[in-house]
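Presented below is the structure to which this report refers.
Each reported figure results from applying straightforward, stated rules to the coordinates on display, with no laboratory input. Here the structure is a predicted model, which is why all the values come from computation and not from measurement. Glycine gets a Cβ as well: all are built from the backbone with ideal geometry, and neighbour counts include every protein chain shown.
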Amino acid sequence: MKRLATILAAAALAMTAPFTVSAQMDHSGMHGGGHGDTMTMGNVAHEEVIGGVKATFEVLDMRKQMKGAIPKGMKETHHVMVTFTDAKTGKKITEGEVMVKILGPDKTETVKDLKGMQGHFGSDFELEKKGKYGIMAKYKVKDGTVRQSKFWYTVK
Ligand SMILES: [Cu+2]
């Protein structure tokens, strides 16, 4: 399971490889600097507590966030990120593995590993079409348990 996921994610990354560098470079600009220590940016798409781990998912529309500053040729339109906190202590959990699968309105699937960045895990996705996206996340943080969250995100 894990290996397959890794292979799929690697394939997805390979396809977008030419754009990866610019996407990473613009990451801090998009988050507006000190994002790492603020809990959310007001774009919370989903939040739930599973087995003592609170997962807060945010979806940022980079086209709005960056106000036309998206590099030419970059296909990714949205930054999907998740912040984990220990539900008991309120402490941030910054170590772990996160995999996200997004099912588009046209039934296309994208699978990516989210990378640890500034206290959260995130990656850029291409949510180009209007409609409902099913976002599924599997994550292994804090302990060996694989937790799972699912939610809908609508692109208007
Ligand atoms: Cu991020």
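Side notes on the structure shown:
- The ranking of 147, 63 by Cβ neighbour count inside 10 Å, starting from the fewest, reads 63, 147.
- Net charge, residue 106 excluded, C-beta distance under 14 Å - Lys, Arg +1, Asp, Glu -1: +1
- The distance linking segment 54-77 with segment 110-128 is 11 Å (Cα centroid to Cα centroid, whole angstrom).
- Dipole moment magnitude, nearest 20 debye, segment 46-156 about Cα centre, only Lys, Arg, Asp, Glu C-beta charged: 220 debye
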